[in-house]
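What follows is a single structure, and I will ask about it in a moment.
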Amino acid sequence: MKTLPKTLCLLALLTLAAACGNDDEDYLPPYRQELCEAQTDAAGIVAYVRFDDGTERLPANVYSCGLRDTLFRAYAVFEPSADGVRLLHVSPVLAVTPVAAGSVVLRSDPLQCRAAWRGGRYLNLLLTLQSGSNAARHVLGVVDEGVTAAPSGARVLSLRLYHDQNGDTRYYSRDTYLSCRLDAYAGLLTAGDSIALRVTEAGGERTLQLAY
């Protein structure tokens, strides 16, 4: 079984699926959008999806995503059904494992972090990048700057977002998801501990505090 790389990866920017609306009537389709893990078979058909709460769902339809025999982080648009989920859109999401501070030359080109949340084994981010050329690939990652103890005794995991603009121009904005694996901290951090993520934005550095 293949898995997507766990360290700093070149990011082929992912354009988020657009939502459809109806101006004539107050109606919302029963579609949902979530990050998940998707497993494909040898033919590239999605065999199941696993959501961040640990539940697994079988597709009620045949959905091919082009990745064969692969477990990967994904952005899924789906419709819940009695026997699973009906998949409408599945696309890969960059998933990284934190690297130790000092193991890379830190780059912190500015971007915008629109949302950050803990989802199961992942720290999930919705980012807005400034871009201008599909040929220029941004590099994203997460740097582990250590665990410290607060006066209360709770532990704080300090992370920093790595972002290399890689020479890309800044003509327009593009959104992308990034998921950071937290598996390595399962035996170190517990409920009551927290995560401090430092992000460099256009206005300067910002620290996001999240419950572990």
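The values are calculated or read from the model by the stated rules, or taken from the named source; none is laboratory data. The structure displayed is predicted, hence computed values, not measured ones. Note: ideal-geometry Cβ built from the backbone for every residue, glycine included; neighbour counts use all protein chains shown.
Need a quick list: strands (runs of 3 or more DSSP E) entirely within segment 1-104 having at least 1 residues that are at pLDDT 95 or above, aromatic (Phe, Trp, Tyr) and under 23 Å from Ala116 (Cβ atoms).
Qualifying strands (runs of 3 or more DSSP E): 46-51, 70-81.
Residues in segment 80-112 that are among the charged types (D, E, K, R) and over 21 Å from the mean Cα position of the chain (by Cα): how many?
The qualifying residues number 2.
Could you list, in sequence order, the residues of segment 162-203 that are without any contact (Cβ under 8 Å) to a residue 40 or more places away in the chain, of a type outside the set (Val, Ile, Thr) and closer than 18 Å to Asp109 by Cβ?
Within segment 162-203, Asn166, Gly167, Asp168, Gly203 meet the criteria.
Residue by residue through segment 136-171, note down the ones that are farther than 25 Å from Ala74 by Cβ and either at pLDDT below 95 or in a loop (DSSP other than H, G, I, E, B) (or both).
Ala149, Ala150, Pro151, Ser152, Gly153, Ala154, Gln165, Gly167, Thr169, Arg170, Tyr171
Kindly provide the set of residues from segment 114-124 that are part of a strand (DSSP E or B) and either touching a residue at least 40 places away in the same chain (Cβ under 8 Å) or crowded, with 16+ Cβ neighbours inside 10 Å (or both), ordered by number.
Result: Arg114, Ala116, Trp117, Arg118, Gly119, Tyr122, Leu123, Asn124.
Looking at Leu67, Leu127, Leu111 in this structure, which one is touching a His at 6+ places or on another chain (Cβ under 6 Å) and surrounded by 17 or more Cβ atoms within 10 Å (Cβ to Cβ)?
The match here is Leu111.
Among the residues of segment 150-166, are any under 23 Å from Phe51 (Cα atoms) and aromatic (Phe, Trp, Tyr)?
The answer is no; no qualifying residue exists.
Here is a check on your reading of the model: is Val139 within 24 Å of Leu35 (Cα to Cα) and touching an Asp or Glu at 6+ places or on another chain (Cβ under 6 Å)?
yes
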